[in-house]
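This report concerns only the one structure given below.
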2 protein chains.
Amino acid sequence: MPIVHFLPANVEVEIPAGACIHEAAIRAGLLDLELPCGGQGTCGQCLVEVREAEGPGRMVVACQTPVAGDIAVRIPDLRERELRIAGDSRALVSEHLLPASGELAPLCRLVRLTVPPASVEEHYSDWSRLVRALAIGEGLPVSAPLAVLRGLADVLRARDGKVTAILQETSGGIEVVEVQPDHTAGQLLGAAIDVGTTTVAVQLVDCETGRVLATRTSYNSQIRRGADVIIRIDYARTPERLNELRALVLGTINALIAQMARDAGCDTRLIRAAFVAGNTTMIHLLLGLPPRYIRESPYVPTVSAPPPLAAAACGIEIHPEGVVAFAPGVGSYVGGDITAGLLATELAVNRSDIFMFLDIGTNGEIVIGNAEWMVGCACSAGPAFEGAGIQCGMRAAQGAIEHVEIDALGHVQYRAIGGAKPAGICGSGLVCLLGEMLQRGIIDQAGRLEDSFAGRFVVEQAARTESGEDLVLTQADIENLVRTKAAIYAACARILENVGIEANAIARVYIAGGFGRYLQISEAVLIGMLPDLPRERFRYIGNSALTGAYIALLSREHRRKLAEIAARMTYIDLSSDPRYMDSYVQAMFLPHTDLNRFPSVARALALTRRS
Amino acid sequence: MPIVHFLPANVEVEIPAGACIHEAAIRAGLLDLELPCGGQGTCGQCLVEVREAEGPGRMVVACQTPVAGDIAVRIPDLRERELRIAGDSRALVSEHLLPASGELAPLCRLVRLTVPPASVEEHYSDWSRLVRALAIGEGLPVSAPLAVLRGLADVLRARDGKVTAILQETSGGIEVVEVQPDHTAGQLLGAAIDVGTTTVAVQLVDCETGRVLATRTSYNSQIRRGADVIIRIDYARTPERLNELRALVLGTINALIAQMARDAGCDTRLIRAAFVAGNTTMIHLLLGLPPRYIRESPYVPTVSAPPPLAAAACGIEIHPEGVVAFAPGVGSYVGGDITAGLLATELAVNRSDIFMFLDIGTNGEIVIGNAEWMVGCACSAGPAFEGAGIQCGMRAAQGAIEHVEIDALGHVQYRAIGGAKPAGICGSGLVCLLGEMLQRGIIDQAGRLEDSFAGRFVVEQAARTESGEDLVLTQADIENLVRTKAAIYAACARILENVGIEANAIARVYIAGGFGRYLQISEAVLIGMLPDLPRERFRYIGNSALTGAYIALLSREHRRKLAEIAARMTYIDLSSDPRYMDSYVQAMFLPHTDLNRFPSVARALALTRRS
């Protein structure tokens, strides 16, 4: 039987060949490996580093990786795992959607190559031989700054043509930004950045291997100037205030980048490229573009698909000459976060089945379509599911309650991220909690708390919380959550009616958003946020904007796909749709005024109430 | 009969309809209009500005432009005409080779357009609508710096979408570098720059109309560090000296640009693009690229086709963010000056006839081929024909003797540029002089001065020269000129033998070079510099590198053709050809040791000697 040697615990166990690493960890008494996804290999919480014999280590998901022979397994320490809370993009997305590591064409690349010497027969210039050896293909023009050309002759001759080149993608081609003699061991990093209205998430990526080195999230500091995009657009009316909002979000992004670089133990100047996904307003504020026309009819932004820019010009603190590229948006209310998010779905492999894609952040965006056509719309959901505007709400970080169960006696059981004392409730926890409260009759279908709770439901007593205060959900919180879910459901209903498709025709529903590590779909259907479809049609894909930014950072093919997606999508403006408001009002009940739309919920509620 | 009103002289004459403007000028007693090309419309010396009724003025060649109705004609003053000595590119090249002014796609463009407003149906972003309205086509990616995007929303709305945009071509696409509200009257200029080993020539071009506003030439200040590329390459061995040579040529170029801008009364910051043609060594020195490998086997430069660069990075003093593009070279000794020069030939209209192209500067470069294939070679001619290394030599400027006749009695008649006192002899004058001296028996076929001249032939007495000293051609000068012409002829002979083509199969011979305004072909054949072919097959195309840079500055189509020409050409290295030296020694006679190669010269010499 193969032997698995766990590090840093230094424990060895024997297990049958074919058993997975996670089983070995349990046998070894190592309980560090949480499996919030139930061992489906989707949450990335059980990532471990495997070393076989002499080769380099590789990261695998312990719950899905069988043991064939003797191996050493390093379990990342808790600190490292905490960073992965926003979701490791590589783990969150199906392997077949990711570019194979041999086929990466990242926004910035470190290439080690050997440039053949010239001969009397083949007397191409140093630059031509370098460009040929780079074999970039596709007829892309290749350029270089003068500094590179000036050193080139000597660099190519220093080590028999062995060189290490750094390439960056520009608006129309490739720029060779550095060439050093010899094959150096240097690392070249990229950043995937998701700029949300409420939350900003960044991921540090090794551009050579595609490996995620660190992940960080925090609230967007702009929140102090308004919870949603409309308030911020109004705030940014003067150049000074626009500048202030720009500085705030840059402060958030740059602090995260700096932390991330510290986590990975590297210099931010090694980061040569960033791929940014964000909604149209966030991108305007980040770039200092006046956003006012976004909210004035006919609602056009200055730019939906910003061209790539130099990092120094953007104010993003990576290498100042690094390149910052942006996911293209479709319009004022369907931005680059959505097109990037679609990269994280099977759309990228050209399925013809009809899918629905929901990105639930402060704005909810919904796309329906297939590889041939796509229709998108947006609704104002509010930041409740990102933990903002809820008394004990918080983003999905250490101590956030992400899962709740209430038994028939009203006892609450929960799971907090990191196994720590609870500090608040994140989006997935709120959905869960609301569903459980409805099922146990703690709230009624109108969302009213039973009188005995006196307007507040205690999830955990002060003695056992991080803050030393009761962790509660108030009547106002509940109303906020109901409005949020109603806005989302109404948009789903209207877009379906608009394209003339029955909910049942949808083969797959992708749910993205800042819920934390996972969202319990059945609870989301229970409260009437999502249409009542067989559970296996839903797939929670986490922070898909970040995942999409990660994929686009690494693959030119996917950057091209992004442009295609943006070009192919039609936008429907729900704010000018008189029937949207009706739809919204009908959805202000749990799950809905029309229970025929939620047959499985009707059955479940009837069953619980009977018991 | 139509009336022609001349300005600034304020003289009116009546002439028959259909007579040309030049005839009218003679009738009016205005003798300002020189016709060194004999009225063939090729020298550009008689350019005048014509105004009909209300329309804008247009520049025409007086010798070729018939008068149909009443017109006003402004004769540019002498100062202006002097600037045109290096040749007005527009006048020097056949009209059908030039891009039509409606089809210009210059390296930088000023575009006045109206961007339609967005509507609820067509809610494209401001940037998308601008890019659509620009209609750049060809799928070229369009980018913009942040500053342009930041102002865009307001600029587009200030004057109902009427805007003036400035575009620059980048390595892979187009950059919108400025957008101003309204249709402004501003001018956008470009510079065509020919960086020769001995002479630098620049031309200021209105990028909107293609009109040449000013032309300036001067010696390359690097001359003080060596007369030819080999000496300069050796000089540039250390970074300090390379930097010194770079500063010298930049000094020359920038002084010319500043003078040119003064001539045209405009700010150098209005110049947003420069197109540079130069031999490979000159481009290396200009960019500060170490040139040493150009002269070490296997003779490869750092770069043959430099990517476009920012003006500030190059050190060329136009708008600092302007773009500087380069004519692509073929190798170490066939540079961008040659590919640019080929643009000034009918090659550009895809002729299948075999042509020969000779660019006679300090290096002589020869290309033979047709639209399908091209073979190029180079020889070291020395700077004699550019007036350097010859006691009374000078470049083609005010006071340079450009044409000489010697009668049977030995009396010398000459024409100096600008009708001024003679200051020296330029290339075309030297060729003429040598031919006349040979024909009159003042020198023999070995180039020896008849003993009675005591080693110096006086072209003009001290009393009548600019300097107050005799203007002479010495025995050493003659030997220098013979070596130069021999190097050129030997290269012609070897390239013909190499490709296995008889001289007589050549349908057209283009002669380019720094000879001044024109070269008397018959005299060049007489001294055995050019092969003995019917005179009508030769065409003198002046400073074709400058003309090519001018065309490429204005036309994207021609920039593409340049890349094609560079890609299609094969280089033959004469320095490793053992038979080149034999060929050279045979050509050290006037015209040649083998008079069978020069039957027409043999006949002419026999005839003169008999008389």
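Any chance the range A:252-270 includes a residue that's in contact (Cβ under 8 Å) with a residue 60 or more places away in the chain, polar (S, T, N, Q) and within 14 Å of another protein chain (Cβ to nearest Cβ)?
No, there is no match, as no residue in the range A:252-270 is in contact (Cβ under 8 Å) with a residue 60 or more places away in the chain, polar (S, T, N, Q) and within 14 Å of another protein chain (Cβ to nearest Cβ).
Being part of a strand (DSSP E or B) and closer than 17 Å to A:His558 by Cα is the filter here, so list the residues in the range A:189-217 that pass it.
A:Gly190, A:Ala191, A:Ala192, A:Ile193, A:Asp194, A:Val205
Pairs please, first residue from the range B:553-577 and within 12 Å of another protein chain (Cβ to nearest Cβ), second anywhere and in a loop (DSSP other than H, G, I, E, B) and among the hydroxyl-bearing types (Ser, Thr, Tyr), Cβ atoms under 8 Å, 6+ apart in sequence or on different chains.
B:Ala566/B:Ser304; B:Tyr571/B:Tyr333; B:Asp573/B:Tyr299; B:Asp573/B:Tyr333
Scan the range B:300-353 residue by residue and report those that are without any contact (Cβ under 8 Å) to a residue 24 or more places away in the chain and within 18 Å of A:Leu152 (Cβ to Cβ).
Scanning the range B:300-353 gives B:Thr302, B:Val303, B:Pro306, B:Leu309, B:Ala313.
Please verify whether A:Thr268 is surrounded by fewer than 23 Cβ atoms within 10 Å (Cβ to Cβ), among the polar types (S, T, N, Q) and touching a helix residue (DSSP H, G or I) at 6+ places or on another chain (Cβ under 7 Å), treating the condition exactly as stated.
When the stated conditions are applied, A:Thr268 passes them.
Looking at (1) among the small types (Gly, Ala, Ser); (2) modelled with pLDDT of 90 or more; (3) over 17 Å from B:Ala491 (Cα atoms); (4) surrounded by 23 or more Cβ atoms within 10 Å (Cβ to Cβ), can you tell me which one B:Ala563 breaks?
Against the list (1) among the small types (Gly, Ala, Ser); (2) modelled with pLDDT of 90 or more; (3) over 17 Å from B:Ala491 (Cα atoms); (4) surrounded by 23 or more Cβ atoms within 10 Å (Cβ to Cβ), B:Ala563 comes up short only on (4).
Quick one: A:Arg262 ticks every box in (1) more than 20 Å from A:Gln398 (Cβ to Cβ); (2) out of contact with any helix residue (DSSP H, G or I) (no Cβ under 8 Å at 6 or more places or on another chain) except a single one, so which number is it?
Against the list (1) more than 20 Å from A:Gln398 (Cβ to Cβ); (2) out of contact with any helix residue (DSSP H, G or I) (no Cβ under 8 Å at 6 or more places or on another chain), A:Arg262 comes up short only on (1).
Taking into account only those residues within the range B:301-350 that are in a helix (DSSP H, G or I) and within 9 Å of another protein chain (Cβ to nearest Cβ), which is surrounded by the most Cβ atoms within 10 Å (Cβ to Cβ)?
Looking at the filtered set, the residue picked out is B:Cys314.
For the range A:215-231: of the residues being over 13 Å from the mean Cα position of the chain (by Cα) and surrounded by 24 or more Cβ atoms within 10 Å (Cβ to Cβ), which is nearest to A:Ala255 (Cα to Cα)?
Out of the qualifying residues, it is A:Asn220.
Do you know which residues across the range B:271-296 are assigned to a loop (DSSP other than H, G, I, E, B) and either at the interface with chain A (Cβ under 7 Å from one of its Cβ atoms) or not polar (S, T, N, Q) (or both)?
Within the range B:271-296, B:Gly288, B:Leu289, B:Pro290, B:Pro291, B:Glu296 meet the criteria.
Do we find that A:Ile501 is out of contact with any strand residue (DSSP E or B) (no Cβ under 6 Å at 6 or more places or on another chain) and surrounded by 23 or more Cβ atoms within 10 Å (Cβ to Cβ) in this structure?
no
Return the residue satisfying two criteria in turn: it lies in the range B:454-479 and is farther than 23 Å from B:Gly528 by Cα and in a helix (DSSP H, G or I), and of such residues it is farthest from the chain's Cα centre (by Cα).
Per the criteria, the residue is B:Ala463.
Given the residues A:Leu134, A:Leu130, A:Leu146, which is the only one that is free of Cβ contacts under 8 Å to residues at least 24 places away in the same chain, in contact with a strand residue (DSSP E or B) (Cβ under 8 Å, 6 or more places away or on another chain), farther than 30 Å from A:Gly513 by Cβ and surrounded by 16 or more Cβ atoms within 10 Å (Cβ to Cβ)?
When all the criteria are applied, what remains is A:Leu146.
Within the bounds of the range A:289-301, is there any residue that is over 18 Å from the mean Cα position of the chain (by Cα), among the β-branched types (Val, Ile, Thr) and on the phi < 0 side of the Ramachandran plot?
Yes: one or more hits.
For A:Ala378, only one of the following conditions fails: (1) assigned to a helix (DSSP H, G or I); (2) within 14 Å of chain B (Cβ to nearest Cβ); (3) within 30 Å of A:Ala396 (Cα to Cα); (4) not hydroxyl-bearing (Ser, Thr, Tyr). What is its number?
Result: A:Ala378 fails condition (1) only.
Counting only residues that are in a strand (DSSP E or B) and closer than 28 Å to B:Leu286 by Cα, which one in the range A:104-158 is farthest from the other protein chains (Cβ to nearest Cβ)?
The qualifying residue farthest from the other protein chains (Cβ to nearest Cβ) is A:Val142.
The values are calculated or read from the model by the stated rules, or taken from the named source; none is laboratory data. Values in this document were obtained by computation on a predicted structure and should not be read as measured data. Cβ sites come from the backbone with ideal geometry, for glycine too, and all protein chains shown count toward neighbours.
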